[in-house]
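Nothing in this text is a laboratory measurement; each read-out follows from the coordinates by a stated rule. What you are looking at is a predicted structure, and each value in this text was computed from that prediction instead of being measured. With ideal geometry, Cβ positions are generated from the backbone for all residues, glycine too; neighbour counts draw on all protein chains shown.
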Amino acid sequence: MILIFWLSSIPNLKIDDTEAEFFRRKFIHLFEYGLLWVLIYRAVVKEHWRNDFKGKIPQVILSFLLMVFYAATDEIHQLYVLTRQGKISDLGFDVLGGLLGIGILNLFNLKLNNKKVKREKVKKYQKSLWPILLGFLLFIILLVLSILYYDSYCPNFNLSSFF
């Protein structure tokens, strides 16, 4: 959280001036808030945080709400930093990052549980399909939002070139 706050405090923060800057920034939003959700979740659950989400739905939701609250306060903080802007769209990417963190940790848990079941030689564990579908759906939503957002904020970008 301190690192995110510090990076949000830097005016004129740019990696470079290419059009790829947009995608780098959005990826960073996804990564940092996905990681933030995992760290908050680990702090809330404390023990056995890598185990299945079964019975831990309240902790998952609490961690997600805390992450969203911090993301909102970070965007408000950027309103007061010279040359920075707090954007609702960035908050959306932060929320998507948290959702991706949930999906990735759940996939990791399923794989870990699958290995445990194989070791115990119990009947074959059936993987749940919903985490894979959720990840794919979030990826498609992120891609569409990125293209639309990029089209509206980058003057050299032409959306019609994709179609």
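Give the calculated FRET efficiency between Gln85 and Lys46 to the nearest 0.05, with a Förster radius of 25 Å applied to their Cβ-Cβ distance.
Details: r = 37 Å, r/R0 = 1.48.
According to the calculation, E is roughly 0.10.
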Can you work out the FRET efficiency for the pair Arg25 and Lys54, with r the C-beta to C-beta distance and R0 = 41 Å, to the nearest 0.05? 0.70
